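Taking it in order: structure first as structure tokens, then the write-up.
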Amino acid sequence: MKNLARPSFFRVFDLLLGTTNPGLKLSSWMHDGVAWERERHSFTGPKHGQTIEIFTLTRPGKHGWSVMIVKEYWWVGKESRALKAVRWAKPIDGERDDIMQWFRAQEAALDHQLEVGAASSAEHANGAEDIEMFDTADDD
């Protein structure tokens, strides 16, 4: 993840969002020292619709920072056909390097969780292969 505009940044952001607020049920929450806030603005008319989701992440203290992440969706027609999707992120306060350092640490933690989960699944699958099944009808 090189900067706030790369697809890799949004991949990490989306993974964090999904793991820290499943189903987007909360409008504000904390994760690893960072306060998350979510706002959603939506309009639906007879010919088009638009939704804008605004996420503000704030880390207080020394080397504190704030970043705004915006996801915008447009659709058209009665069938609500997707027309355009835009996403962007901009630092509001603090140093960009401090923001990126936090997100890189989150990415490493997510990667570690995936590795541990994959290893655990593999161990479970290997253990299942060791189980022998006996048919009691063969004992007669």
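Values in this text are rule-based calculations from the coordinates and carry no lab data. Since the model is a prediction, treat every value here as computed from it, not as a measurement. Counting neighbours? That spans all protein chains shown, and the Cβs are built from the backbone with ideal geometry, glycine included.
Less than 14 Å Cβ to Cβ from Arg11, Lys/Arg counted +1 and Asp/Glu -1: what total charge do the surrounding residues give?
+2
Net charge of the neighbourhood of Ile69, taken over other residues with C-beta under 12 Å away and scored Lys/Arg +1, Asp/Glu -1, is -1. Amide H to amide H distances under 5 Å link His31 with Trp36, where only residues 5 or more positions off or on other chains count and H is placed in the peptide plane. Rounded to the nearest Hz, the phi-derived 3J(HN,Hα) couplings of the range 62-68 under the Karplus curve 6.51 cos²θ - 1.76 cosθ + 1.60 (θ = phi - 60°) are 4, 6, x, 7, 9, 9, 10, where x marks glycine and proline. Each Lys or Arg adds one and each Asp or Glu takes one away; over the other residues whose Cβ falls under 14 Å from the Cβ of Arg96, this sums to +1. Sequentially through the range 36-47, phi angles give Karplus couplings (6.51, -1.76, 1.60; θ = phi - 60°) of 10, 10, 10, 10, 10, 10, 9, 9, 10, x, x, 10 Hz, Gly and Pro residues having no value and appearing as x.
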